[in-house]
Amino acid sequence: MQKSKPLRPTRQFDLIAFDWDGTLFDSTALITRCIQAAVVDVGGRPPSDKDAAYVIGLGLMQALAHAAPDVPQHKYAELGARYKHHYSAHQHDISLFAGILPLLADLKARNHVLAVATGKSRRGLNDALKSVELQGVFDGSRTADETAGKPHPLMLQELMQEFGVEPSRVLMVGDTTHDLQMALNAGCPSVGVSYGAHEPSAFTALHPRFVAHSVAELHTWFSAHA
C-alpha cells in the first residue's frame, strides 16, 4: 500500500514583507559606524553604538536628525552626504546573512509574494538588489524616500494595494521596533528577529507572532507557520 504524503500546513500569509538592513542584510555594525563618523565630520558629538543602532530602519534624514540632536538643521544635508560617503566606501564589504537565500527560495516555492519594506533610499535598495543571487526573488518593494519613513504604515499599505492582499494576510519581518510598529499601524501581524539592530526585549509590547534568534530559527518558523 502506497504511503500518503504528509500534508503541508495551510498557507497563512500571501505577502511577506522584509526589512532590509539587519534582517536580510548583515549591515547593522557598518551603518552604526557610518552614522557615528558622519556626525563627527560635521562637528557633532558621536552617538553611542546603542543610539546609532536605534535609528536604523528610519528614513536617512529622520535617522540622522535623531542620532545627532546637537547638529543644527542647516547641516543636515552635509550630514546626509557624509553618511553616504562612508557607507558607499564599504557597502560591498557586507552581504546577506547566511541562510537567507535558501529561506527566500523556500518561500518562493510556496508561492508567497515577497517584498522589501525598507528605510533605505530607492537608489540604495536598487544598488543592493543588483546582485545576481537576488534577481527575480522579490515581487515588489517600497523605500522611505518614495513613501513615508517607518513606523508610518504607508509602505505596507501601498504593497497591500499593489498585490490586493488584506492586512491579516500580510506578514512584516524586521529587526527593529520601527518595523513592528509599522506592521501594527497597518493592521498586519509581524515577526521580529533579534540578530539585528534592536534588543528583542523591546519587541514584546508590539506583539510579534514570533521572535527568531537566528536565520535558522526564522526558516523553521516559516516552514510551520507561514
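Any residue that is surrounded by 18 or more Cβ atoms within 10 Å (Cβ to Cβ), within 23 Å of residue 179 (Cα to Cα) and in contact with a Leu (Cβ under 6 Å, 6 or more places away or on another chain) - is there at least one of those in region 59-68?
Yes.
Within region 105-114, can one find any residue that is in contact with a helix residue (DSSP H, G or I) (Cβ under 8 Å, 6 or more places away or on another chain), within 30 Å of residue 12 (Cα to Cα) and either outside the structural domain of residue 218 (by TED's automatic domain parsing) or not hydrophobic (A, V, I, L, M, F, W, C) (or both)?
Of the residues in region 105-114, the ones in contact with a helix residue (DSSP H, G or I) (Cβ under 8 Å, 6 or more places away or on another chain) are 106-107, 113-114.
Still in the running and within 30 Å of residue 12 (Cα to Cα): 106-107, 113-114.
If we keep only those that are either outside the structural domain of residue 218 (by TED's automatic domain parsing) or not hydrophobic (A, V, I, L, M, F, W, C) (or both) too, we end up with 106.
Checking region 105-114: at least one residue is in contact with a helix residue (DSSP H, G or I) (Cβ under 8 Å, 6 or more places away or on another chain), within 30 Å of residue 12 (Cα to Cα) and either outside the structural domain of residue 218 (by TED's automatic domain parsing) or not hydrophobic (A, V, I, L, M, F, W, C) (or both).
Within region 122-143, identify whether any single residue is part of a helix (DSSP H, G or I), at pLDDT 95 or above and of a type in the set (S, T, N, Q), and answer yes or no.
We begin by selecting, within region 122-143, every residue part of a helix (DSSP H, G or I); these are 122-128, 132-134.
From the residues that got through so far, the ones that are at pLDDT 95 or above too are none.
No, region 122-143 contains no residue that is part of a helix (DSSP H, G or I), at pLDDT 95 or above and of a type in the set (S, T, N, Q).
For the list (1) in a loop (DSSP other than H, G, I, E, B); (2) of a type in the set (Gly, Ala, Ser); (3) within 17 Å of the chain's Cα centre (by Cα), I need the number of the one condition that residue 44 fails.
(3)
Output the number of residues of region 111-121 satisfying the condition of being among the hydroxyl-bearing types (Ser, Thr, Tyr) and either on the phi > 0 side of the Ramachandran plot or assigned to a strand (DSSP E or B) (or both).
Total meeting the criteria: 1.
Among the residues of region 168-178, is any assigned by TED's automatic domain parsing to the domain that holds residue 19, surrounded by fewer than 20 Cβ atoms within 10 Å (Cβ to Cβ) and farther than 16 Å from residue 103 by Cα?
Filtering region 168-178 for residues assigned by TED's automatic domain parsing to the domain that holds residue 19 gives 168-178.
Filter again for surrounded by fewer than 20 Cβ atoms within 10 Å (Cβ to Cβ), leaving 168-169.
Then keep just the ones that are farther than 16 Å from residue 103 by Cα; that gives 168-169.
Looking for residues that are assigned by TED's automatic domain parsing to the domain that holds residue 19, surrounded by fewer than 20 Cβ atoms within 10 Å (Cβ to Cβ) and farther than 16 Å from residue 103 by Cα, one finds at least one in region 168-178, hence yes.
Modelled with pLDDT under 85 and of a type in the set (Asp, Glu): does that describe residue 26?
On the way: modelled with pLDDT under 85: yes; of a type in the set (Asp, Glu): yes.
Yes, satisfied.
Could you count how many residues in region 109-122 are of a type in the set (Lys, Arg) and either crowded, with 17+ Cβ neighbours inside 10 Å or touching an Asp or Glu at 6+ places or on another chain (Cβ under 9 Å) (or both)? Quick ask: steps written out before the conclusion?
Of region 109-122, the ones of a type in the set (Lys, Arg) are 110, 120, 122.
So of that shortlist, the ones also either crowded, with 17+ Cβ neighbours inside 10 Å or touching an Asp or Glu at 6+ places or on another chain (Cβ under 9 Å) (or both) come out as 120, 122.
Result for region 109-122: 2.
Report whether or not residue 136 is free of Cβ contacts under 8 Å to residues at least 60 places away in the same chain, surrounded by fewer than 18 Cβ atoms within 10 Å (Cβ to Cβ), touching a Ser or Thr at 6+ places or on another chain (Cβ under 8 Å) and not hydrophobic (A, V, I, L, M, F, W, C).
no
Scanning for something surrounded by 19 or more Cβ atoms within 10 Å (Cβ to Cβ), modelled with pLDDT under 95 and touching a helix residue (DSSP H, G or I) at 6+ places or on another chain (Cβ under 9 Å), does region 183-191 turn up at least one residue?
No, every residue in region 183-191 fails to be surrounded by 19 or more Cβ atoms within 10 Å (Cβ to Cβ), modelled with pLDDT under 95 and touching a helix residue (DSSP H, G or I) at 6+ places or on another chain (Cβ under 9 Å).
Filter region 92-110 down to the residues that are in contact (Cβ under 8 Å) with a residue 40 or more places away in the chain and either basic (Lys, Arg) or part of a loop (DSSP other than H, G, I, E, B) (or both) and list them by number.
If the condition is that a residue be in contact (Cβ under 8 Å) with a residue 40 or more places away in the chain and either basic (Lys, Arg) or part of a loop (DSSP other than H, G, I, E, B) (or both), then 94, 95, 97, 98, 99, 110 are the ones that fit.
The values are calculated or read from the model by the stated rules, or taken from the named source; none is laboratory data. All values derive from a computational prediction rather than experimental measurement. Cβ: placed from backbone, ideal geometry, glycine included. Neighbour counts: every protein chain shown.
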